[in-house]
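Read-outs: derived from the displayed coordinates by stated rules, not from any lab. The model shown is predicted, which means the values in this text are computed figures rather than measured ones. When we count neighbours, we look across all protein chains shown, and the Cβ atoms used for this are built from the backbone with ideal geometry, even at glycine.
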Amino acid sequence: MKSRTILLSALLIGAVPTMNVVLADLTATKYPVSKTNKPTAVPDRVMLNWKGNTATTQAVTWRTDESVVTPQAQITVAEDGTVFKAKVMTVNAESSSFVKSNQPYTSKFHTVNFENLQPETTYMYRVGDGLNWSEWFEFTTASDHSKPFAFVYVGDVQNNLKEHHSRAIRNAFSDFPEADFIIHTGDLINQGDA
């Protein structure tokens with residue numbers, strides 16, 4: 001039996017043709033900024049902000065291309081697993097008119113203000129158009145009475161955002177994980193035409 005196995009193995013190995021792989025000289029191509037930053041129907045630049053009482057409201061804004069006509073957000077109290085989807089509430093968003101940049105594309109910005117939330121409660125939310133969704137994010141509402149809190153303050157990060165600013169934010173949260181939020185004072189322009 002052993003000799004038959006060896007013979008069969010030798011036949012199979014001999015039957016497989018030898019392949020030579022030759023790699024051509026390949027060079028990298030810089031992906032154009034106009035395409036890197038181009039919006040799509042899938043939400044990007046999703047950011048939390050406030051329009052009211054931080055214990056009972058939370059606003060969220062995001063960007064899409066101009067094809068999105070049914071912008072909306074979904075929210076529910078955070079819990080483990082996937083059962084939470086049965087408890088999701090959908091909120092219709094308000095949209096900006098089209099925003100033209102110096103690039104060959106137009107963007108739309110959308111906003112929702114979640115209201116009647118419970119203080120000191122963690123919520124899950126996502127944004128989209130009913131078909132194209134962001135990932136699920138989480139936030140925790142503030143207390144409804146005075147309580148200490150901590151935050152990260154940044155500003156004027158206009159140069160090499162992807163290369164350097166992302167590291168600074170990760171390091172800030174690594175060094176100060178108890179921070180409740182980030183305040184960004186602006187000047188986020190990395191390239192004025194993107």
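Remark: for residue pairs K85/K162; K87/K147; K51/K147, the C-alpha separation exceeds 26 Å in K85/K162; K87/K147. Here the extension length gained between A41 and T122 equals 26.4 nm, from 0.36 nm per residue of separation less the Cα-Cα distance. Counted residue by residue at 0.36 nm each, then reduced by the alpha carbon distance between them, the extension gain from A172 to T57 reaches 38.8 nm. Between F151 and F84, the FRET efficiency from the beta-carbon distance, with R0 = 22 Å, is close to 0.20. For V157, nonlocal amide neighbours, meaning residues 5 or more places apart or on other chains whose placed amide H falls under 5 Å from its own, do not occur.
Dimensions of the range 72-194 based on its C-alpha atoms, expressed as ranges along the principal axes with the largest first, amount to 42, 37, 27 Å. Computing FRET efficiency as 1/(1 + (r/R0)^6) for I183 and A28, where r is the C-beta to C-beta distance and R0 is 41 Å, gives about 0.65. Along the range 71-77 the Karplus relation, 6.51 cos²θ - 1.76 cosθ + 1.60 evaluated at θ = phi - 60°, assigns HN-Hα couplings of x, 7, 10, 10, 9, 7, 5 Hz to successive residues, with x for each Gly and Pro.
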